[in-house]
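What follows is a set of notes on a single structure, which appears directly below.
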Amino acid sequence: MSIILDHVTYTYSEKTAYEIKALDDVSLSIKDGEFIGIIGHTGSGKSTLVQHLNGLLRATSGTIYYNGQDIYDKDFNLKNMRTKVGMVFQYPEHQLFETTVFEDVKYGPKNQGLSDKEATNRAYDALADVNFPDEYFDQSPFELSGGQKRRAAIAGVLAMEPEVLILDEPTAGLDPKGQRDILNLIRRMHESSGRTIILVSHSMEDVAEYVDRIIVMDEGRVFLDGAPDYVFSHTDLLEEKGLAVPQVTYLMEELRAKGIPIEGQPTTLEMAEKEILRLHKAGVF
Amino acid sequence: MFREITLGQYYPADSVLHRLDPRVKLFATLIYIIVLFIAEKPIPFLVITAALIAVIVMSKVPFSYMVRGLRGIVMLLVIAGVFNLFMTPGIVVYKIGPFEISDIGLKNAIIMVVRMVYLIIGTSLMTLTTTPNQLTDGLERSLRPLSRLGAPVHEISMMMSIALRFIPILVEETDKIMKAQMARGADFESGGLITRAKAMVPILVPLFVSAFRRASDLAMAMEARCYHGGEGRTKMKPLTYKASDRVAYVLIMAFLVAVAVLSLI
């Protein structure tokens with residue numbers, strides 16, 4: 001299950017006064033089972049990019065291949081593909097519409113043409129996956145708290161059992177605990193089912209801690225692409241683009257500047273802890 | 001997919017027309033509409049056409065923008081044209097099978113179609129060169145005398161400007177919700193009328209919810225900034241007439257008189 005973008009360009013409102021090039025010649029290859037983080041500041045094209053991955057936006061030029069098939073081919077079933085490449089939009093709770101949470105989660109599976117029984121099973125599993133409390137199943141989705149709404153909405157996408165899951169700023173507007181919960185949930189989904197996960201975020205900490213590949217977008221182009229320690233070793237380049245590296249990486253760099261021989265590029269608290277303990281054992285402190 | 005809507009959309013440019021006082025443009029539009037309905041003979045229409053072309057050139061707005069507004073009324077044009085063409089009694093000048101075209105029918109159909117096309121182009125010229133805020137400002141100022149009679153002029157114009165301001169926001173919101181539901185396998189294109197109407201529910205419910213949420217947020221934000229209606233409220237940019245506005249008034253009146261006189265003789 002791979003997605004390949006071949007020289008994809010996308011222009012909003014082409015040939016008008018409001019023309020904007022949101023994607024500019026982007027080529028990418030996303031392999032099966034990867035956990036990818038896409039970062040970039042507002043307007044860098046990250047949301048536009050992910051909306052191409054399931055064919056919601058059609059590239060102005062360039063081609064996208066899903067499992068080797070051109071998704072813009074006339075015979076290609078885009079609707080079917082959209083259920084395989086699940087997309088959780090920013091503030092997904094704004095898409096809730098049914099009378100009960102359970103019915104809302106069933107909407108996706110029903111659109112896939114599953115029977116009511118199968119859809120019910122899927123909805124039950126999906127809600128259990130996101131740790132949604134049983135007693136709220138039959139409540140109106142509009143009466144839930146922000147965090148619960150978000151879970152219900154994510155379950156609505158999970159219930160379609162997508163092979164690839166895209167999440168656009170899934171933690172936006174949640175309190176710190178809600179943010180942790182959602183991110184741990186996403187990690188669990190990656191580890192248990194091995195599905196490809198693409199996480200759009202602008203929290204460097206989150207991205208560093210959870211993903212194994214980072215794509216940095218800037219002005220519609222792929223600016224950096226690689227493992228977190230590779231990407232976050234380019235502090236200067238990132239700062240030039242108005243981005244930052246995780247706090248802990250700054251700390252380790254400062255220690256290094258003070259003459260402490262730090263190895264590698266620790267990007268998470270755990271990695272930094274390990275490195276400091278190693279140095280401590282070696283008798284540097 | 002909704003980004004193409006142009007009716008009521010402002011086109012930013014720097015032209016004489018953009019700089020005119022909105023009250024002048026409102027007045028001109030009113031006169032233009034009256035004139036369109038006075039004119040019935042070819043010569044007054046030639047004058048209107050010349051004036052329209054002159055204004056289009058002055059506006060610096062691409063012509064394609066004005067034509068886009070016409071797309072929505074193509075069906076209406078065809079129906080009005082066809083009915084006038086075949087249903088008007090008079091001297092038969094043309095026969096297609098059982099259908100007869102009379103001289104008056106032909107004339108009425110042409111006038112009707114030209115009027116509607118000119119009406120759309122002319123009014124969209126006003127909205128293309130005037131920002132929604134200017135428009136409601138102009139309207140509020142022009143209707144101010146009515147407030148002495150107890151009409152809530154300020155409130156109405158505030159409602160109008162809020163409504164106009166919210167059109168693009170709601171359009172964007174609809175686009176987002178549609179995409180979110182499409183990502184959940186929704187299909188808005190296939191099926192019969194009832195299936196399609198049902199498919200709209202997952203869009204309309206979230207849209208209404210978000211419209212109410214936005215409305216209450218806005219009301220709160222306005223109250224937090226001490227909004228209390230129109231009384232005693234001053235403008236940051238009060239409308240004042242410039243020399244060009246006065247010239248425009250004279251030209252508009254001359255246009256009205258010219259068309260009226262040419263229609264009478």
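The values are calculated or read from the model by the stated rules, or taken from the named source; none is laboratory data. As the structure is a computational prediction, the values presented were derived from the model and not from experiment. Positions of Cβ are backbone-derived with ideal geometry, glycine not excepted, and every protein chain shown enters the neighbour counts. The protein model used for the area step is the full one, side chains on, heavy atoms only, and it has no ligands, DNA or RNA in it. Shrake-Rupley method; radii C 1.70, N 1.55, O 1.52, S 1.80 Å.
General remarks:
- Selected from B:G191, B:G229, B:G81 as most flexible by GNM, with chain B as the system and alpha-carbon contacts under 10 Å: B:G191
- Note that the range A:3-243 presents 42 Å² accessible area per residue, ligands and nucleic acids not counted, probe 1.4 Å.
- P(r) of the range A:132-211 over all Cα-Cα pairs, binned every 5 Å from zero, in whole percent: 3, 13, 27, 24, 19, 10, 4, 0
- For the range B:152-224, carbon and sulfur atoms together expose 73% of the accessible surface, with a 1.4 angstrom probe and every protein chain in place.
- Averaging the Cα positions of each part gives two centres, and for the range A:47-69 and the range B:10-27 these lie 41 Å apart.
- Fraction of alpha-carbon pairs over 33 Å apart in the protein assembly as shown - percent: 59
- Using only the C-alpha atoms, the convex hull of the range A:3-243 corresponds to 134 Å³ per residue.
- Counted over all Cα-Cα pairs of the range A:246-285, pairs farther apart than 13 Å make up 44 percent.
- Overall size of the range B:152-224 from C-alpha positions, given as principal axis extents largest first: 46, 23, 16 Å.
- Gaussian network model of chain B, springs between alpha carbon atoms under 10 Å - residue of B:L119, B:L106, B:L36 with greatest fluctuation: B:L106
- Number of partner chain Cβ atoms within 10 Å, mean per residue of A:75-85: 2
- For chain B, lysine pairs separated by 8 or more sequence positions, or belonging to different chains, with Cα-Cα distances below 17 Å total 5.
- On Cα atoms only, tilt of A:176-193 relative to the major axis of chain A in degrees: 80
- Accessible area buried between chains A and B, both sides summed, probe 1.4 Å, in Å² to nearest 100: 2100
- Each Lys and Arg adds +1 at its Cβ and each Asp and Glu adds -1 at its Cβ; summed about the Cα centre, chain A shows a dipole of about 200 debye.
- Each of A:T60, B:V117, A:V211 was placed along the dipole of the protein assembly as shown (beta-carbon charges, centred on the mean Cα), and the one lying farthest toward the positive end is B:V117.
- Inter-part distance, the range A:17-42 to the range A:201-266, computed on C-alpha centroids, equals 18 Å.
- As a rough guide to protection, the peptides A:236-248, A:28-40 ranked by mean Cβ packing within 10 Å, highest first, stand as A:28-40, A:236-248.
- Computed helical MRE - 222 nm, chain B, DSSP H runs ≥ 4 contributing -39500 (n - 2.57), nearest 500: -23000 deg cm²/dmol
- Rounded if a/c under 1.5, otherwise prolate or oblate - chain B, Cα gyration tensor axes: oblate
- Each peptide in B:133-141, A:258-266 was scored by the mean count of other Cβ atoms within 10 Å over its residues; highest first, the order is B:133-141, A:258-266.
- Highest-fluctuation residue, B:I33, B:I96, B:I104 considered, GNM on chain B with Cα pairs under 10 Å: B:I96
- In plain terms, the bigger the Kirkwood radius, the slower the diffusion; for the range B:61-161, with that radius from Cα pairs, at 25 °C and 0.890 mPa s, Stokes-Einstein puts D at 147 µm²/s.
- Residues losing 40 Å² or more accessible surface upon assembly, the range B:161-184, compared with the chain by itself, 1.4 Å: B:K179, B:A180, B:M182, B:A183, B:R184
- Mean per-residue shielding of peptide B:205-211 is 3, counting Cβ atoms of other chains within 10 Å of each Cβ.
- Solvent exposure of the range A:246-285 as accessible area per residue, Å², 1.4 Å probe: 70
- Rg and Dmax of the range B:19-97, Cα atoms only, in Å: 16.8, 55
- Taking all Cα pairs closer than 8 Å and separated by 6 or more residues, the relative contact order of chain A comes to 22 percent.
- With Cα atoms as the point set, the radius of gyration and Dmax of the range A:121-261 evaluate to 18.0, 60 Å.
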